[in-house]
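Visitor: Take a look at the following structure, please.
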Amino acid sequence: MNSYETYLVTEAAHSSGRSTVDVVRAAVGGGVDVVQLREKAESARERYRLGQELRELTREAGVTFVVNDRIDLARAVDADGVHLGDDDLPVPVAREQLGDDAVVGRSVSSVGGARAAAEAGADYLGVGAVFHTDSKDVRERDAEIGLDRVRAIADATDLPFVGIGGITAENAASVVEAGADGVAVVSAITAAADPRRATEALGEAVAAGRAAR
């Protein structure tokens with residue numbers, strides 16, 4: 001069973017000049033559970049090159065590796081799966097293309113969306129934006145949904161899910177205490193002075209949230 005406690009979404013624009021590979025390597029050292037290749041500003045060719053590097057790095061570390069949006073790219077780099085949003089191909093199509101063993105995630109922001117994703121066969125959910133965020137992809141899905149909706153989604157589905165959007169080491173415990181299995185972040189790791197320590201701090205916060213349930 002995959003663990004979703006700490007989940008890094010890559011985005012070089014937030015990495016303070018460091019390479020995505022270096023940030024991911026540090027996060028892996030800090031115990032990250034999942035790495036999602038996003039990098040939407042890059043060309044398909046560059047994302048493919050980067051995906052190959054990250055696939056090798058995560059495979060050696062036993063870390064789950066998924067690709068944002070692109071089922072074809074996930075297949076090309078032999079990722080563990082794909083993470084889909086509202087404008088992407090449906091979950092059953094991803095399952096057909098990637099196989100029964102693939103990890104297929106789905107972004108949702110409501111109880112209805114969570115139930116629909118579960119019925120469609122998603123393996124896990126990305127729920128948000130929980131708090132205010134400057135991440136364009138998350139912001140456009142929905143306004144800040146807050147912890148009450150995290151609780152409602154936790155009550156509505158048995159699927160594991162990560163809270164995303166404005167998550168930091170300071171508020172991650174509250175998201176997990178509300179019912180999330182873990183937290184997904186961009187800048188909380190990529191923009192940190194020490195991405196490895198930032199990953200460890202998120203893991204500690206998740207553990208604290210679980211203990212407080």
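Visitor: With equal scatterers on the alpha carbons only and no solvent term, can you work out the Debye log10 of I(q)/I(0) for the chain at 0.09, 0.11, 0.12 1/Å?
Guide: Result of the Debye calculation: -0.29, -0.45, -0.54.
Visitor: With contacts defined as alpha carbon pairs under 8 Å and 6 or more residues apart, what's the relative contact order of the chain in percent?
Guide: 22
Visitor: Using only helices, what value at 222 nm comes out for the chain when you add -39,500 (n - 2.57) per DSSP H run of length 4 or more and divide by the total residues, to the nearest 500 deg cm²/dmol?
Guide: Calculated mean residue ellipticity at 222 nm is -13000 deg cm²/dmol.
Visitor: Cut-off 10 angstrom, C-alpha nodes, Gaussian network model of the chain. Which of 166, 30, 17 fluctuates the most?
Guide: 17
Visitor: Next up: Mind running the shape call on the stretch 74-153? Use the C-alpha gyration tensor, a ≥ b ≥ c as the square roots of the eigenvalues: rounded below 1.5 for a/c, prolate if a/b tops b/c, oblate otherwise.
Guide: Prolate.
Visitor: If each residue's Cβ is checked for other Cβ atoms within 10 Å, how do 70, 149, 106, 59 rank with the fewest at the top? Each step should come with its number before you reach the end.
Guide: Details: 70 22, 149 19, 106 28, 59 14.
By the 10 Å Cβ count, ascending, the order reads 59, 149, 70, 106.
Visitor: Explain nothing, just the number: dipole magnitude of the stretch 92-192 about its Cα centre with +1 on each Lys and Arg Cβ and -1 on each Asp and Glu Cβ, in debye rounded to the nearest 20.
Guide: Here the size comes out at about 220 debye.
Visitor: With the chain treated as a Gaussian network of Cα nodes joined by springs under 10 Å, which of 78, 101, 158 yields the largest mean-square fluctuation?
Guide: 101
We did not get these values from a lab; they are worked out from the coordinates using the rules stated. The structure displayed is predicted, hence computed values, not measured ones. FYI the Cβ positions are ideal-geometry reconstructions off the backbone, even for glycines, and counts take in every protein chain you see.
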